[in-house]
Structure formats: C-alpha cells, structure tokens
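Before any comments, here is the structure.
Just so it is clear, none of the values below were taken in a lab; they were calculated from the coordinates. Source: prediction; values computed, not measured. Cβ placement follows ideal geometry from the backbone for every residue including glycine, while neighbour counts extend to all protein chains displayed.
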C-alpha cells in the first residue's frame, strides 16, 4: 500500500478532510458539519473519530499513514498549543495531545490561514516560490506568511494576522477586533460592500449599483469591470488599502510574491493589477515589482496545506 | 589555543572588527577608516588584508579560526550576494567569494542592521528572546527582524527595512528613498530634529528649545524630560509613528520583544514607555503587551552579531 496522510481544515461551519498520497496528490475528500456545541476540544474529538472511521472504512494500516495535519481557525503555536478558538467556543489545549487520545499517528496543527498559505505554496498559486504571502479575502481578511518555506506563526501564533493591519487614521467605524481602520474593514467581502454603500450615500452619481437588489462584493467587481465609475472607485479604494498593507508586509519580510485568495479573489486580475499599482507607490525601490498572483486551490487550500504541514514533519 | 572568530562591521566611515571566543566573549577590538575610493569590492579586499595582518600579529593558526562574519550596509541575500552598496560605491558581488581570495576560513555576511539584531539577541537587550525586532534609530532608521532565532533577510535581502514603512499619508516632504511618509522621516535623529523645527515654526508656544544653539535629538529628549510641553509633543509624535510601524510589524511576524538601539535610544525609558503606549492602540488584542527594551551593546552590536552569524554556521 502506498503511504498516505490526512489534511483536515476545521472551519466555523464545516470540517473538510482530504486523503493525500506522499507526493501531495488528493485521493479523496469529505466534508461534515463542525460540532458547535460543547468546548473547542470536542471538535477535535469529533475530527479524530471521523479519521478513525475513515481509516477503518478504507482498510488503512497504521504503518501506511504518515500523519494528520489540522488547520484551526485561531492562533496556534509551533508546538500545536491552541490559544483561543473565539468562533468555536473557548478552550486552551494542545491539539497533538488531544488527537493522540484517539489516534496513534503523527499530528501537526496550524492556523487555518497559515495552512492555506502552505497549500497554495505547495500545489497552488504560489507554486515555485519559497517566500510568499497569502491574503485570503473572504468574510474577513486572513493571511499566511511563508519565509524560506516555513510559516511565520509568531511567538503567540498571531503571525500573519494581516486583516488587522492599521491602514486608515480617518476611520470612525469599529472593526470586529475593537480597533478602527483595519484592512479587513475595506478589503473583505463585507468591507467592499460597506465601501460601496458609503460611496452611494455620499453622492448622487449615477451607478449600476443603485439598481442592484442586493450589493455583494461580486456585484461591485462586475459593475467595475463594466466600466461603472462609482464601482471602479470602490474597487480602487479597497485595492489601495491592500496595496498599503502589502507594502508594510514587504518592508518587514521582503517576499517574492503575494497570492490573493478567498471569495473576493474570484474577481480575478482587476484585483491583482490594481493592488500592484498601489503597492508600488508605498514601498521602497528595492521592493517594487513583486509578483501578484491569484490563488488556485479555492476551498481546498486548507486541506492541501495541512497535509503539507504533516508531510514536511515526517520522513518520507 | 582556544578557538576564535572575527566579527566585522563595515560602516560608511569606519570598519569595526572584533575577536571573539567561541562562547561570544569579546577578546579584543579594532577600528579603521572605511576605504571609500574605488568599488565596493575594494572595501572587502581591505577588510581581508586587515584580518590577515591580525592573524599573523596574533600568531593564530588557521585551525584555531572558526570564521569571519561580516556586516554590510546594504541588502545581502542569504547566500552572501551583495545587491547594492549605495553608500559605498556600487558593485554586485559575492562577499564569501571575494573574501576567499584572501583568507581560507569560513565567511558569512549579512546586512548591518540584521547583524546588529543578532548581536543584541545574543549578548544584548534581546538576550533570552527567540523572536525579536531591533529598531536602530540613528541618522536613519534601520531594522533587523529575528524569528525563531533566524534573521528574516527576505527574498532580496530587504527584509527588516522598517525605516521605510509608510506611516503618514499627509506628508509632503520627500524621504531619502524617494517616497513620502516613511518612518525614518519622524523617528531618526534627523527626523526628530525636523519635527522639532516644524513644531517651533508652527506656533509661538514658549519652549526651551527656542533657546538652544543647535537642536539635536538629544536636546529634544532632554527638554521633554524637563517637562517642556512642545518638546514632549515632538517626542510623542515620533513615538506614535514608531508605535504604528511596530504595530504593523507585529501583525506580520508577532515577535516577543522590540529592542530600540542607535544614538536616539540613549534617551532611555521615555522612548520605550511612549512607544509602548501608542503601539497598544494600533495592534490587535492578541498582540498587545509585548516587551519594549533598550539595546545594550551600542556600537558593538554589529561585531557581536557578525561573530554570531559565523558561529551559528560552524560546528563548535
């Protein structure tokens, strides 16, 4: 039997799991609802039970299994200590220890955004790079920073928390984190809709957005691509804040490429081209002209990345 | 004979060199003027000749010498390629290769600010940490970022270039780098003097600074410590921009501590306390309450750090 590993991505509503061979080929994948009752720990128990069931179903032997990688929606330290699972009920615990109560093989855990970055680096939009930043523009803005092939988890697992980079001194609305002027307030799907509504209120300027039944980030990008001036301004503003934040990141870690993922990234090159234009204004010469790429793994980035997390920790 | 190594710090006006034992004890140190004629390469030749002379003088045998570490005032890649020596004449070359034309032992090179950070981590204000940011506030603002004990040099050697983090959208004066609103314009010695002169011009407010024959960063801090309101405002402004930039850095790499070095850091705790206050306003909760320390090695940080650079690359 060829050696395999599991990559698990724990989300707020669903757990995704994939079975991979040692070269990173996705062999099968599944999804089930995240257990939201009880403590954060109970989710881990649930995941471990699921893996045990799959191992039995697929008739896998322990010696065929290289390990399980797990992506978690919260800060995770390098030693797999979970500090906080704000969205999934509190609880401080060590994921490796918890999982080992149920399964015998190697366990490695990482923050979901960091793990997604590893996935994109390994098999997605960041393939071929060794120093890469993944910005995930979804309901919020997440980030994963990889330098010399290794995730920068930081001293408390809060490395790559780029959604809360401060970018606007003028902001009066408060971000979910309690601060004002976070990148997430402008560049998440929610943030883009907020900017669009503000722009519509601030002027009488005609715009296709005024006819939309409901404004989504997609509507804004679609109208901008159609040449709608107000929508283009909104896109430009979101991309300027992304350019500023990326400039900050580059001054700190000097990556080779920025990869844009998450639902908003479906807008495509309008996003990468526009961010690049602004980025170059805010960064020193030696850091200009980085690569700006779109993520390619979509919702599977997390399972790829958690598989890579465990594969890179074991002898193959 | 006990094993030794050399740590060299090439500056714009002087080259500093130190002889260290394998445990990092400084045994002797010297300084000589930087050769500023010819190409950047010629400086390396000069340094190599100096080391050869010292090896002969001290009657050192090749087998006693663990290597030479060299700190360079410009971007250096992990492989010791030097990309640019703007202040020391241009020239693209590999430092290890250049040095090996003259000396036989191990050579490792790094950017001067990064190397100083390693020095402070090893034997100075950052002792005991594994994840640390050194901000050097001198004529300019330099930075060195260490994560898991390793310098983040970045893909082109421009990692940790924190002096050019964009912090102020309102700025109209241009920084040496060609951009507007860089941290260096407010937090370097020159930047603090600039802020003080602006404040004096902008109002009639009485201030001891108005009686100063020449305003230096030291004058500003001395007056602020004396309770001079205008000087205190200037210090507060410089520290706010530092707090903002440090917040950006923390959102990217989540260090344990910020260490402040360079001539300006002689101001002492007024600086660290003030930066910390502002930092906490601009950073998410999980990143609050980092340590803010003063550097302790002064001008020797570079020779300590380059010694560490080579010691960490050899078997001891």
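Here are the numbers for the structure shown:
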read-out: Label geometry 7 Å along the beta-carbon vector: residue B:52 inter-copy distances in nm; value: 7.0
read-out: Candidates B:35, B:293, B:197, ranked by Gaussian network fluctuation over chain B, Cα under 10 Å, top entry; value: B:197
read-out: Alpha-carbon Debye profile of region A:84-187, log10 I(q)/I(0) at 0.18, 0.21 Å⁻¹; value: -0.99, -1.15
read-out: Efficiency of FRET from Cβ geometry, residue B:299 and residue B:62, R₀ 30 Å, rounded to 0.05; value: 0.55
read-out: For the protein assembly as shown, convex hull of alpha carbons as volume per residue, Å³; value: 174 Å³
read-out: Equivalent ellipsoid, region B:1-68 (semi-axes from 5 times Cα gyration tensor eigenvalues, Å); value: 23, 13, 9
read-out: With eigenvalues of the C-alpha gyration tensor scaled by 5 and rooted, region B:145-185, Å; value: 26, 10, 6
read-out: In degrees, nearest ten, helix A:112-123 long axis to first principal axis of chain A (Cα); value: 80 degrees
read-out: Ascending list, in nanometres, of distances separating the residue B:32 label from those of the other copies (7 Å, Cα toward Cβ); value: 7.2
read-out: Projected area, mean over directions - chain A, Cα convex hull, nm²; value: 16.8 nm²
read-out: Pairwise centroid distance, computed over Cα atoms, of region A:94-139 with region B:134-193, Å; value: 31 Å
read-out: Choice from A:123, A:185, A:198 with maximal GNM fluctuation in chain A (Cα, 10 Å cutoff); value: A:198
read-out: Extension gain from residue B:314 to residue B:50, taking 0.36 nm per residue of separation minus the Cα-Cα distance; value: 92.8 nm
read-out: Peptide A:283-293, shielding by other chains (average Cβ, 10 Å cutoff); value: 4
read-out: Cα convex hull volume per residue for region B:127-296 (Å³); value: 117 Å³
read-out: At R0 = 35 Å, FRET efficiency that the Cβ-Cβ distance of residue B:36 and residue A:291 yields, to 0.05; value: 0.45
read-out: Peptide B:240-253 - average C-beta neighbours from other chains (10 Å radius); value: 6
read-out: Virtual spin-label span in nm between residue A:202 and residue B:97, 7 Å along Cα→Cβ; value: 5.3 nm
read-out: Mean separation of Cα contacts under 8 Å, 6 or more apart, over the residue count of chain A: relative contact order %; value: 22 percent
read-out: Alpha-carbon centroid distance for the pair region B:3-45 / region A:3-32, whole angstrom; value: 53 Å
read-out: Sorted peptide list for A:107-120, B:226-239, criterion being average Cβ within 10 angstrom, highest first; value: A:107-120, B:226-239
read-out: Average Cα contact separation per residue, region A:128-295, under 8 Å, 6 or more apart, as relative contact order %; value: 23 percent
read-out: Other copies of residue A:225: label-to-label distances in nm, shortest first, labels 7 Å along the beta-carbon direction; value: 6.2
read-out: Between region B:212-274 and region A:256-311, the alpha-carbon center distance in angstrom; value: 35 Å
read-out: Efficiency of FRET from Cβ geometry, residue B:27 and residue B:222, R₀ 35 Å, rounded to 0.05; value: 0.45
read-out: Shielding of A:160-171 by partner chains, average beta-carbon count, 10 Å; value: 5
